[in-house]
Structures are given as C-alpha cells and as structure tokens.
1. Sort out which residues of the stretch 139-155 are farther than 20 Å from SER47 by Cα and either in contact with a Ser or Thr (Cβ under 8 Å, 6 or more places away or on another chain) or part of a strand (DSSP E or B) (or both), and write them in order of number.
2. Scan the stretch 119-138 residue by residue and report those that are part of a strand (DSSP E or B) and at pLDDT 90 or above.
3. Across the stretch 100-134, which residue is farthest from the chain's Cα centre (by Cα) among those that are closer than 23 Å to GLY66 by Cα and surrounded by 14 or more Cβ atoms within 10 Å (Cβ to Cβ)?
4. Please work out which one of (1) closer than 27 Å to PHE26 by Cβ; (2) touching a strand residue (DSSP E or B) at 6+ places or on another chain (Cβ under 8 Å) is the condition GLY122 fails and give its number.
5. Between SER60, SER67, SER37, which is more than 17 Å from the chain's Cα centre (by Cα), farther than 19 Å from ASP24 by Cα and hydroxyl-bearing (Ser, Thr, Tyr)?
6. Taking the residues in the stretch 37-79 that are at pLDDT below 95 and outside any strand (DSSP E or B) as candidates, determine which candidate is surrounded by the most Cβ atoms within 10 Å (Cβ to Cβ).
7. Any residue in the stretch 77-93 that is closer than 11 Å to SER49 by Cβ and among the β-branched types (Val, Ile, Thr) sitting within a Cβ distance under 6 Å of a residue that is part of a strand (DSSP E or B) and at pLDDT 90 or above? List the pairs, counting only those 6 or more apart or interchain.
Amino acid sequence: MKIITKTLLTSATLVLSAQTTANDSFTFGLGAGAFYSGVGVNAGIQSKSDLKYVSAGCVSYSSIYGSTCGIGVGWVKTDIFDFQTPKHGASLYLGIVGNEYDNFDHEAVYGAALGYHYFLRGIGNAGFNFGLTLVAGNEKDGVGVGALLQAGYQF
C-alpha cells in the first residue's frame, strides 16, 4: 500500500508541475468511471489534444461497510487516432479501480487501466464524455481484472 501511495503522489506531482503553454487551460469534471476514480471529480490541465488529470472519488457505498474512496492520476491523448477532430481518446490511469471484501473488512483496490474515451464536443471544449476502461488491480488473491464504463461532464 505504501508503494502505491508513493507512486500516486509522485505521479500527481508530475501532472501538476508540468509546464503549461498559452494554449493549455485548467479543467474540472464530474462523473462516474476511471476518469473520475469511481463516482467523483477530476481536475487537470487540458490542451487541444490531451488532458492530464488528478481525480478523487468513491467506488462503493454501503450502509454497513461505509464508503470506499480513493484517488488517481491519468492522461488522455486524442491525436494518436487519425481523425480531423479530437473526439476519440486513449488513456492511461493509475489509482483506485475497485474494492474487495474480506469478512467484515472493506478495502480499496489500486491498480492501472487503459481506456477509450469519446468527447462529444472534442477534448478541448466543455461537454459530455463517455468511455470504457479496462482495469487491473492488486487484490489479496492476486491480480483482479475488469472493466469500468464512464460517463461525465468536463467544464
């Protein structure tokens, strides 16, 4: 767990300390999926072809176990596809990807993910986005894999 925390903090520092240009802007989003660390928010630096972000959210809630929340960092890039408009993006993500139950214990699962995102108005504009992310996380029994659907709005 300490290695995961150090990795996330180092990655967040790199994302936040990246040199911005005149064409870059700050963005904020709300939604569900790996782009938002479950159901949550993200904040990042956005250009016309990519988005580097830090996210925080919850992957589960139970009246018995409480909530399982965590953080993540990611990068979405749209100019790897051969399209005129930057609406289709591929992403890398490190952070919370799920949860696991062990008797009465409720713990977060951290891992990595690869995803596809579609921005209705393009990555450089405010609007809705949808996607699918394939995740792999470090569970007690080994590596767990799965998928997360995504839907959200970037301001």
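1. Residues satisfying the conditions are GLU139, GLY142, VAL143, GLY144, VAL145, GLY146, ALA147, LEU148, LEU149, GLN150, ALA151.
2. PHE119, GLY127, PHE128, ASN129, PHE130, GLY131, LEU132, THR133, LEU134, VAL135, ALA136, GLY137
3. Let us first name the residues in the stretch 100-134 that are closer than 23 Å to GLY66 by Cα, namely 100-111.
Then drop every residue that is not surrounded by 14 or more Cβ atoms within 10 Å (Cβ to Cβ), which leaves 100, 106-111.
On the way: GLU100: 19, HIS106: 21, GLU107: 19, ALA108: 15, VAL109: 14, TYR110: 12, GLY111: 11 Å.
This residue is HIS106.
4. (2)
5. SER67
6. Per the criteria, the residue is THR78.
7. From the stretch 77-93, the pairs are THR78/GLY89; ILE80/ALA90.
The values are calculated or read from the model by the stated rules, or taken from the named source; none is laboratory data. For clarity, every value in this text was computed on a predicted model and none was experimentally measured. Please note: Cβ atoms are built from the backbone with ideal geometry, for glycine as well, and neighbour counts cover all protein chains shown.
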